[in-house]
Every structure is written in C-alpha cells, then in structure tokens.
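The values are calculated or read from the model by the stated rules, or taken from the named source; none is laboratory data. Since the structure is predicted, the reported quantities are computational estimates derived from the model, not experimental observations. All Cβ positions, even for glycine, are placed from backbone atoms using ideal geometry, and neighbour counts span all protein chains on display.
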Amino acid sequence: MAEQQETDDFERWVAALQQALLERERELFSETVLQEARQPQNMGVMLDADMHALLLGPCGDNMEMFLRLQDSRIEAVAFMTDGCGPTVACGSMLTRMAQGKTLEEAAAIEAADLILALDGLPPEHVHCATLAVHTLQKAMEDGSTEDEETKE
Ligand code: FES
C-alpha cells in the first residue's frame, strides 16, 4: 500500500517536472523553433553529396552540411549535428531555405535571415544559427566531400 503511494507520488512528480520543462521551453523558444527541433527535416548523412563541410562551433558542438547539385542548383541538402535542440532547428530550417537555390543565392543567406525564419532565438543560442550558416558556406566554398573538421 505504501509502495503504491510512493509510485503514485513519483509519477505525479515526474508529470509536474515534464510540464514545468515544457512551459520553460515555450517561454524561451518560438513555436517554429520547437517544431523544427522536434521534427527536423533533412537530418541525416548524405552519401552521394557533391559538397560537404564539418565545423566545430565555439560551444564544442559539431555541424555538418551535405549538398547535392543539379544544373548548378542545390537539388538536395542535409545536415547532421550533435548539438542542442536549437542547433537541430537551425539545421532543419537552413536546409529548407537553401534547397532549390543556386550556390550564389544560398551563400547570401545570413544568420539573421535564419533567425528571422525561426521567429527568433534567445541571445545565448544565436551562435547556433551562425554555426549552421557558416557550415553551409564552408561546404560551398570548399566544394569537396573530404571529411575534415574545421574549428570556427
Ligand atoms: Fe552549441 Fe547550439 S549550443 S550549437
């Protein structure tokens, strides 16, 4: 009986904690960031990429970008990261923004454009957007698929 009471108390505590975490997330991040982080698009390794870059951000997180070209347009773009939720959201949104663009058009995308598309990021996560944009630019500059990690 006492054991059942302890289990019920623990489950209530876990539910309250989950609710508090969800509310905190909603305070910090836009609905767009939360949606992109929970259901990221274009996340994965592209084996037949024409262009690739792997950058290490100042926070110690990696961002990787893969591009496949067709008639000088970005036919497909994918990303991988071991970073935080906002970094996943940045990779997802940036790949969607770059898809179908020419390299020149994609190179013109700035971190501010990405942050705008995500309906904002808290100041402590602005570097996540910068990391994603710099990784995309690096992939387009280098134009190689060599697996080489570069520190920002
Ligand atoms: Fe490191 Fe987001 S916290 S990239």
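Points worth noting:
- Test for GLU152: is it at pLDDT below 95, farther than 20 Å from GLN41 by Cβ and charged (D, E, K, R): yes
- Options THR102, THR81; residue that is more than 15 Å from the ligand (Cβ to nearest atom), of a type in the set (Ser, Thr, Tyr) and modelled with pLDDT of 95 or more: THR102
- Extreme residue, surrounded by the most Cβ atoms within 10 Å (Cβ to Cβ), among residues of region 67-91 that are under 13 Å from VAL45 (Cα atoms) and within 13 Å of the chain's Cα centre (by Cα): GLY91
- All positions within region 51-69 that are away from the ligand (no atom under 16 Å from the Cβ) and either at pLDDT below 95 or touching a helix residue (DSSP H, G or I) at 6+ places or on another chain (Cβ under 9 Å) (or both): MET51, HIS52, PHE66, LEU67, LEU69
- Total residues in region 131-145, condition crowded, with 21+ Cβ neighbours inside 10 Å and within 13 Å of the ligand (Cβ to nearest atom): 4
- GLU124 vs. criteria surrounded by 13 or more Cβ atoms within 10 Å (Cβ to Cβ), more than 12 Å from the chain's Cα centre (by Cα) and either modelled with pLDDT of 95 or more or under 26 Å from GLN35 (Cβ atoms) (or both): no
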